[in-house]
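A quick write-up on the structure given underneath.
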Amino acid sequence: MRQAAKEEELKKKAVEEAEKKFASATAEQKAHYEQELHKLRGDLNWLSRASDAIVRHWQAKNARKGQNERAFGPHLQPVQVEQR
């Protein structure tokens, strides 16, 4: 498996685990996560990487559903991001 494919698989698993943990978190834990996110929003480098990851996630998810054109419309193109 290529290195990029391995990294994408690890990211996918990490996102799935995070979603499961957040779904089962208590209100107190969710408040703590919100505070951490508030701190990280001030870090532009982190915010840029997080935003890129979210865009890639939804592009891939929409492409798997065969809705890529509906998601972006004929006049919009998916965002191309460089691998880090």
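Just so you know, all these numbers are worked out from the coordinates, no wet-lab data involved. All values reported here derive from a predicted model rather than from experimental measurement. Cβ: placed from backbone, ideal geometry, glycine included. Neighbour counts: every protein chain shown.
Using R0 = 35 Å, the C-beta based FRET efficiency linking ARG2 and PHE22 works out to 0.70. Only lysines eight or more places from LYS39 in sequence, or on another chain, were considered; those with a Cα closer than 26 Å are LYS11, LYS12, LYS13, LYS20, LYS21, LYS30.
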